[in-house]
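Below: one structure, written as structure tokens.
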Amino acid sequence: MKDYSLFLIDLDGTIYRGKDTVESGVRFVHRLDKANKNYLFLTNNTTRTPQMVVDKLHGHGVDTDIAHIYTPSMATASYILEKSHKKKIGIYIIGQIGLWRELLKHPEFELNEKNPDYVIVGMDTDLTYHKVLVATYAIRHGATFIGTNADMNLPTGDELIPGNGSQCVMIAAASGQKPLYIGKPESIIVNMALAKVGYTKSESVLVGDNYDTDIKAGFNSQVDQLLVLTGVTKAKDIKGKRQPTILVNNLDEFEL
């Protein structure tokens, strides 16, 4: 077994499932701590701030800090700041507290509904027709359309609810422009995360329960993958498909 130095760990389905704790996932993190292995929780959730993620993890028995959290909100901010050399960057935001706080803590960003440089769309359970209208108009008039993540649905209990990808599809249909996605399965968030902590792709492994987001993010970024069958994806779902680097029923099976 390869000796990885950095573990990029998904949350929902890997460490917890909604309000329920995935005990093997929590034990895995505790084992990483004891082995002095570095890890970064790599989530597609933009609705929470890093501190809110830390607090949720604490409720599931994982004690960590915001230095171990990386979200599409953070990756989106870093991506735009790398691409734009303007002193002030106009943005229009659709999203919740995690996205708003992350973007607006950077002084380079300023809110602009009339002619923003970027329209940034994250999960918004208070999405309104007016928000879609403003975003569509701005994109049609030249704003770059960014979607924080492309998840079409999100699990809640035994049901699925519309995710940010569904919102972005609607805005894309209305504006005639497809978004640039930042979160998993895109390579952008992985590359940004590795740059943040200073590890190479060959030193790292992506750990997650969702083949279409976590594992494909590994494929797209050339980072090894560890698929755990405690969440969305089951063994039957990947028959005949490209296989992850490592497949386990639960994270107790993975030896450090």
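The values are calculated or read from the model by the stated rules, or taken from the named source; none is laboratory data. What you are looking at is a predicted structure, and each value in this text was computed from that prediction instead of being measured. We place every Cβ from the backbone using ideal geometry, glycine too, and count neighbours over all the protein chains shown. Protein only, heavy atoms only, side chains kept; ligands, DNA and RNA dropped before computing areas. Shrake-Rupley method; radii C 1.70, N 1.55, O 1.52, S 1.80 Å.
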Relative to the chain, whose Cα atoms define the longest principal axis, helix 129-140 and its Cα axis are tilted in degrees, nearest 10, by 80 degrees
Whole-Å distance linking the alpha carbon centroid of the stretch 14-28 with that of the stretch 89-108 is 30 Å
Pseudo-spin-label distance residue 158 to residue 239, built 7 Å along Cα→Cβ, given in nm, is 2.5 nm
Here the residues of the stretch 182-226 lying in the modelled label zone of residue 35, meaning backbone nitrogen under 16 Å from a point 7 Å along Cα-to-Cβ, are 203-208, 224-226
Phi-derived 3J(HN,Hα) across the stretch 105-118 with the Karplus relation (6.51, -1.76, 1.60, θ = phi - 60°), rounded Hz, x for Gly and Pro, is 7, 8, x, 5, 8, 9, 5, 8, 7, 7, 8, x, 6, 9
For residue 131, the aspartates and glutamates lying under 20 Å Cα to Cα, once residues fewer than eight places off in the same chain are dropped, come out as 102, 110, 113, 117, 151
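Among 245-251, 6-12, what's the highest-first ranking by average C-beta atoms within 10 angstrom per residue?
On the way: 245-251: 16.7, 6-12: 24.1.
Ranking the peptides 245-251, 6-12 by packing returns 6-12, 245-251.
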Restricting to aspartates and glutamates and to Cα separations under 15 Å from residue 19, and discarding same-chain partners fewer than 8 apart, the set is 55, 158, 159
When the chain is treated as a Gaussian network with springs between alpha carbons less than 10 Å apart, the largest mean-square fluctuation among 99, 194, 133 is found at 133
Violations at 30 Å Cα threshold for listed pairs 37/178; 196/236; 105/234; 56/201; 34/184 -> 37/178; 196/236; 105/234
Of every hundred units of 1.4 Å-probe accessible area on the stretch 85-137, the number belonging to carbon and sulfur atoms, as a percent, is 56 percent
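What's the extension gain from residue 64 to residue 52 if we count 0.36 nm per residue and subtract their Cα-Cα distance? Before the final figure, lay out the partial values.
Working: separation 12, 0.36 × 12 = 4.32 nm, distance 1.15 nm.
Extending this stretch completely gives an extra 3.2 nm.
With +1 on the Cβ of every Lys and Arg and -1 on the Cβ of every Asp and Glu, and nothing else charged, how large is the dipole of the stretch 47-99 about its Cα centre, in debye rounded to the nearest 20? Before the final figure, lay out each step's value.
On the way: 6 positive and 4 negative charges, 89 e Å.
The dipole magnitude comes to about 420 debye.
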Mean accessible area per residue over the stretch 12-128 (1.4 angstrom probe, all protein chains present, square angstrom) is 47 Å²
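Which of the peptides 146-155, 235-244 is most tightly packed, and how do the rest follow, judged by the mean count of other Cβ atoms within 10 Å per residue?
Numbers: 146-155: 21.5, 235-244: 11.3.
Most protected by this proxy first, the peptides run 146-155, 235-244.
Thinking of the stretch 1-133 as a set of Cα atoms, what percent of all their pairs are more than 27 Å apart?
31 percent
Considering Cα pairs under 8 angstrom that are at least six residues apart, work out the relative contact order of the stretch 49-111 and quote it in whole percent. Could you put the intermediate results ahead of the total?
Details: 49 pairs, mean separation 21.9, N = 63.
Reported relative contact order: 35 percent.
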Ignoring GluC sites (Glu not before Pro) buried by more than 16 other Cβ within 10 Å or outside DSSP loops, the longest site-free run in the chain is 114-254
Residues of the stretch 208-229 with backbone N under 17 Å of the label point set 7 Å from the Cα of residue 20 along Cα→Cβ are 209-210, 228-229
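Given an 8 Å cut-off on Cα distances and at least 6 residues of separation, report the relative contact order of the stretch 134-256 as a percent.
Working: 182 pairs, mean separation 20.9, N = 123.
So the answer I get is 17 percent.
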Cα extents of the chain along the principal axes, largest first, in whole Å, come to 54, 36, 33
In the stretch 19-67, the trypsin sites (Lys or Arg not before Pro) that sit in a DSSP loop and have at most 11 other Cβ atoms within 10 Å of their own Cβ are 19
Zone reached by a paramagnetic label modelled 7 Å from residue 170 Cα along Cα→Cβ, restricted to the stretch 133-150 with backbone N below 20 Å, covers 133-141, 145-150
